[in-house]
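Notes follow the structure.
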Amino acid sequence: MIDGITLFDCTIREVGYQTGWFFDPAFLRDYYRFVEAAGYDYLELGFFHNPEADPGRGLTRYCGLRTEELNEVFAPTKNILKLSAMRDIQRPLAPVGPRSDGVIDAIRILTRSKQTDPDVLSRHVDELHNLGYEIFINFTSSGHNTCEENVAFARLAKKLGVKVIYFADTESIFTAKYVADALELCRAEGVEVGMHLHNKNGTAEELLDVAWAHKCRYTDSTLLGLGGKWYDGNIATEYLLKHFNYNPGYELTRLKTMLIQQLIKYNEHSAAVL
């Protein structure tokens, strides 16, 4: 946490679309150390996808079934920075084991806003809570939501005991008014809102500044602003580091170079769509 803001680095999950979620273990460990030193709270690894529905991907695509391998990669390095992964409840799912069995601390439930079934979402929240995980809910394609729909999502989250929800600008259509309204209306319901901003049209930084002006305390970023299934980009981790007056020095240059090398090395496995 930096200046009271909880930060997720989503580089591994988002850039995974371009590498097929293949990454060298040495890069994963080095990037973990880098993000922790920068003051982030969570490093998001990938998904709990079912390999029968999406075969041939790398380690962090199947976090629910590769617990031992994830433990081998991160256990020697893991410290106070928490690890998270996403559970897409509208796609074929693989089992999730107890939090105590692995290195993953938090799960962000991904639900497409217009496809959200409150009963289904409730079952997943209860299941993951019982397994010991921290829970967040990420409503994707949120830019199409009305104010009334966002308020309803906040009320649902509060009923389920989830204190923080994220609105993802999947199509890069958020406006400054949308961001301000979402934060203020949901906070009035007792639920905090995090922003996951994509950057197809170059306005993500402007929108994040609006969010901060309205006391947003949860946001995401990726190294170099890379990632996304449609190469839609994200808030750059470097933008946040500069905002918080943190200069990581040469280590930032080294990690950016390593990330580019990962993109080149595993490009043939890309799941991204231009």
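Going through segment 106-152 one residue at a time, which ones are outside any helix (DSSP H, G or I), over 18 Å from residue 85 (Cα atoms) and of a type in the set (S, T, N, Q)?
Here is the first cut: in segment 106-152, the residues outside any helix (DSSP H, G or I) are 106-112, 116-117, 131-141, 145-146.
Applying the additional criterion that residues be over 18 Å from residue 85 (Cα atoms) yields 116-117, 141, 145-146.
If the condition is that a residue be outside any helix (DSSP H, G or I), over 18 Å from residue 85 (Cα atoms) and of a type in the set (S, T, N, Q), then 116, 141, 145, 146 are the ones that fit.
Among the numbered conditions (1) on the phi > 0 side of the Ramachandran plot; (2) surrounded by fewer than 18 Cβ atoms within 10 Å (Cβ to Cβ), tell me where residue 148 comes up short.
(1)
Quick one: would you say residue 72 is open to solvent by 20 Å² or more (accessible area, probe 1.4 Å), farther than 30 Å from residue 241 by Cα and modelled with pLDDT of 95 or more?
Details: open to solvent by 20 Å² or more (accessible area, probe 1.4 Å): yes; farther than 30 Å from residue 241 by Cα: no; modelled with pLDDT of 95 or more: yes.
No; evaluated as a whole, the condition is false for this residue.
Specify the residue that is modelled with the lowest pLDDT; the eligible residues are those in segment 1-43 that are β-branched (Val, Ile, Thr) and touching a Gly at 6+ places or on another chain (Cβ under 9 Å).
Narrowing segment 1-43 to residues β-branched (Val, Ile, Thr): 2, 5-6, 11-12, 15, 19, 35.
When the remaining residues are screened for being touching a Gly at 6+ places or on another chain (Cβ under 9 Å), the result is 2, 6, 11-12, 15, 19.
Details: 2: 87, 6: 97, 11: 98, 12: 98, 15: 97, 19: 98.
Only one residue fits best here, namely 2.
Test residue 265 against the criterion of being among the basic types (Lys, Arg), modelled with pLDDT of 95 or more, more than 21 Å from residue 14 (Cα to Cα) and open to solvent by 30 Å² or more (accessible area, probe 1.4 Å), and give yes or no. Break it down stepwise before answering.
On the way: among the basic types (Lys, Arg): yes; modelled with pLDDT of 95 or more: yes; more than 21 Å from residue 14 (Cα to Cα): no; open to solvent by 30 Å² or more (accessible area, probe 1.4 Å): yes.
The answer is no for residue 265.
So, in segment 159-200, how many residues would count as being acidic (Asp, Glu) and either in a helix (DSSP H, G or I) or on the phi > 0 side of the Ramachandran plot (or both)? I'd like the intermediate steps shown before the answer.
Step one: list which residues in segment 159-200 are acidic (Asp, Glu), which gives 169, 171, 181, 184, 189, 192.
Now drop any that are not either in a helix (DSSP H, G or I) or on the phi > 0 side of the Ramachandran plot (or both), which leaves 181, 184.
Of the residues in that region, 2 qualify.
Could you count how many residues in segment 172-214 are surrounded by fewer than 18 Cβ atoms within 10 Å (Cβ to Cβ), under 24 Å from residue 231 (Cβ atoms) and hydrophobic (A, V, I, L, M, F, W, C)?
The number of residues fulfilling the criteria is 1.
Working carefully through the options 121, 156, 110, 160, find the one that is closer than 29 Å to residue 212 by Cα and in contact with an Asp or Glu (Cβ under 6 Å, 6 or more places away or on another chain).
Values: 121 fails: in contact with an Asp or Glu (Cβ under 6 Å, 6 or more places away or on another chain); 156 fails: in contact with an Asp or Glu (Cβ under 6 Å, 6 or more places away or on another chain); 160 fails: in contact with an Asp or Glu (Cβ under 6 Å, 6 or more places away or on another chain).
Being closer than 29 Å to residue 212 by Cα and in contact with an Asp or Glu (Cβ under 6 Å, 6 or more places away or on another chain) holds for just one of 121, 156, 110, 160, which is 110.
Taking the conditions exactly as written (within 27 Å of residue 56 (Cβ to Cβ) and small (Gly, Ala, Ser)), does residue 236 satisfy them or not? So that I can check it myself, show each step before the final result.
Numbers: within 27 Å of residue 56 (Cβ to Cβ): no; small (Gly, Ala, Ser): yes.
No: the conditions fail for residue 236.
Of the numbered conditions (1) out of contact with any strand residue (DSSP E or B) (no Cβ under 6 Å at 6 or more places or on another chain); (2) crowded, with 19+ Cβ neighbours inside 10 Å; (3) at pLDDT below 95, residue 65 satisfies every one except a single condition; which is it?
Condition not satisfied by residue 65: (2).
The values are calculated or read from the model by the stated rules, or taken from the named source; none is laboratory data. Note that the structure is a prediction, hence the values are computed from the model and not measured. Positions of Cβ are generated from backbone atoms using ideal geometry, with glycine treated the same way; all protein chains shown enter the neighbour counts. Ligands, DNA and RNA are excluded from the accessible area calculation, which covers all protein heavy atoms including side chains. Shrake-Rupley method; radii C 1.70, N 1.55, O 1.52, S 1.80 Å.
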